[in-house]
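J.: The structure's right below; bear with me while I get my questions together.
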Amino acid sequence: MKIAMIGLGKMGGNMSKKLIAKKHDVIVYDMNSELRKEFEGIGARAVESIEDLCKEAEKGNIDIIWSMLPAGEITKNIILDISIRCAESKIIVDGGNSFYKDTVRLEEEVRNNGHTLMDAGTSGGIWGLEKGYCFMVGGDKSSYEFIEPILADLSEPTGGHEYMGRAGSGHFVKMVHNGIEYAMMEAFGEGFEILKEKKEFDLNLEKISKVWQHGSVIDSWLLELCGNLFEKEGNLEGIKGYVEDSGEGRWTVIESIEERVSAPVITLSLLQRFRSRRDETFSDKVIAGLRNQFGGHAVKTKKGG
């Protein structure tokens with residue numbers, strides 16, 4: 001098939017490489033001219049602007065336009081620009097982590113401009129090139145069937161793509177997927193910290209993470225990645241415990257409140273990410289001081305204070 005990929009970062013770049021290897025006709029666009037040259041060197045055809053991309057679409061050189069850009073205004077603006085510039089109806093796929101309510105609104109605007117917007121929640125990270133991606137796709141069902149050959153060539157081969165429902169459903173499912181991911185990573189982090197702090201046993205975290213990958217009920221890809229991490233970084237002395245969040249966890253927690261669903265584990269995993277960004281919080285000082293006030297418990301003071 002003839003596909004245009006917008007955004008050649010870690011996800012869009014690897015997806016483009018996979019599509020080129022599968023013999024699809026791939027046109028690429030990225031603001032970085034060096035990336036455009038790199039992908040021309042491996043078999044893609046690069047364009048220098050969204051305007052040029054739309055001209056190629058008008059010539060019939062593009063069946064599907066796929067965006068792999070960061071969520072937010074940049075994705076919205078480029079997709080709207082495409083839907084205005086292209087006179088001939090096209091299928092546009094947003095494979096980024098857009099907020100599903102934004103997707104619902106954007107899909108209506110794109111449809112009014114004569115095009116189809118599909119939301120493809122995408123998981124697999126940097127390993128997708130090797131292992132295949134997982135796609136959770138929302139939007140028009142017939143358009144899903146049209147893009148399925150692309151999904152099949154990109155996804156994990158034993159069932160890595162599925163139709164979720166109407167517009168927004170793909171990004172909604174991916175949002176909750178990432179909320180669950182937050183909680184799973186928090187559980188692994190807490191468990192391995194307990195193991196590490198049991199000094200009397202001098203436990204080897206790499207060995208533990210790897211033996212758990214054989215027959216254990218918590219065996220998973222995340223556990224495999226834990227094993228890789230400990231093998232490479234030992235006890236993580238060189239890593240600062242500062243954890244960002246990219247938005248999906250927050251949106252999942254907000255959704256749980258709106259739907260009155262109790263989601264304490266996902267919520268706390270998000271709050272722990274906030275906690276990781278401070279070496280010392282004022283609330284910790286309040287708690288330490290209160291323990292001294294009511295119980296006479298010792299308070300650690302800063303030198304020179």
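J.: Can you work out which of the residues in the range 259-305 that are surrounded by 12 or more Cβ atoms within 10 Å (Cβ to Cβ) and among the hydroxyl-bearing types (S, T, Y) is nearest to F172 (Cα to Cα)?
T.: For the range 259-305, the residue satisfying everything is T267.
J.: Which of the following residues is among the small types (G, A, S) and either assigned to a helix (DSSP H, G or I) or at pLDDT below 95 (or both): S83, S98?
T.: On the way: S98 fails: either assigned to a helix (DSSP H, G or I) or at pLDDT below 95 (or both).
It is S83.
J.: Filter the range 267-305 down to the residues that are among the polar types (S, T, N, Q) and out of contact with any Ser or Thr (no Cβ under 8 Å at 6 or more places or on another chain), then identify the one that is farthest from I257 (Cα to Cα).
T.: Here is the first cut: in the range 267-305, the residues among the polar types (S, T, N, Q) are 267, 269, 272, 276, 281, 283, 292-293, 301.
Adding the requirement that they be out of contact with any Ser or Thr (no Cβ under 8 Å at 6 or more places or on another chain) leaves 269, 272, 276, 281, 283, 292-293, 301.
Working: S269: 15, Q272: 18, S276: 24, T281: 26, S283: 24, N292: 36, Q293: 36, T301: 39 Å.
Result: T301.
J.: Checking the structure you have, find out if any residue of the range 53-68 is closer than 23 Å to W251 by Cα, at pLDDT 95 or above and surrounded by 19 or more Cβ atoms within 10 Å (Cβ to Cβ). Lay out the reasoning, then the answer.
T.: In the first step, residues of the range 53-68 are kept if they are closer than 23 Å to W251 by Cα; the result is 67-68.
Imposing the further condition that a residue be at pLDDT 95 or above reduces the set to 67-68.
Narrowing the set further to residues that are surrounded by 19 or more Cβ atoms within 10 Å (Cβ to Cβ) leaves 67-68.
Yes: the range 53-68 contains one or more residues that are closer than 23 Å to W251 by Cα, at pLDDT 95 or above and surrounded by 19 or more Cβ atoms within 10 Å (Cβ to Cβ).
J.: If you scan the range 30-55, which residues turn out to be farther than 19 Å from I82 by Cβ, assigned to a helix (DSSP H, G or I) and not basic (K, R)?
T.: Scanning the range 30-55 gives S33, E34, L35, E38, F39, E40.
J.: Give the residue that is surrounded by the most Cβ atoms within 10 Å (Cβ to Cβ), with candidates limited to residues of the range 144-184 that are in the same structural domain as V104 (by TED's automatic domain parsing) and either modelled with pLDDT under 95 or acidic (D, E) (or both).
T.: D153
J.: Touching a residue at least 12 places away in the same chain (Cβ under 8 Å) and under 24 Å from L270 (Cα atoms): is that true of F192 in this structure? Break it down stepwise before answering.
T.: Numbers: touching a residue at least 12 places away in the same chain (Cβ under 8 Å): yes; under 24 Å from L270 (Cα atoms): yes.
Yes.
J.: Being part of a helix (DSSP H, G or I) and out of contact with any Asp or Glu (no Cβ under 8 Å at 6 or more places or on another chain) narrows it down to one of R273, R291, so name that one. Show your work before the answer.
T.: On the way: R273 fails: out of contact with any Asp or Glu (no Cβ under 8 Å at 6 or more places or on another chain).
From the options R273, R291, the qualifying one is R291.
The values are calculated or read from the model by the stated rules, or taken from the named source; none is laboratory data. Nothing here was measured: the structure is a model prediction, and the numbers come from that model. Ideal geometry is used to build each Cβ from the backbone, glycine not excepted, and the neighbour counts take in all protein chains shown.
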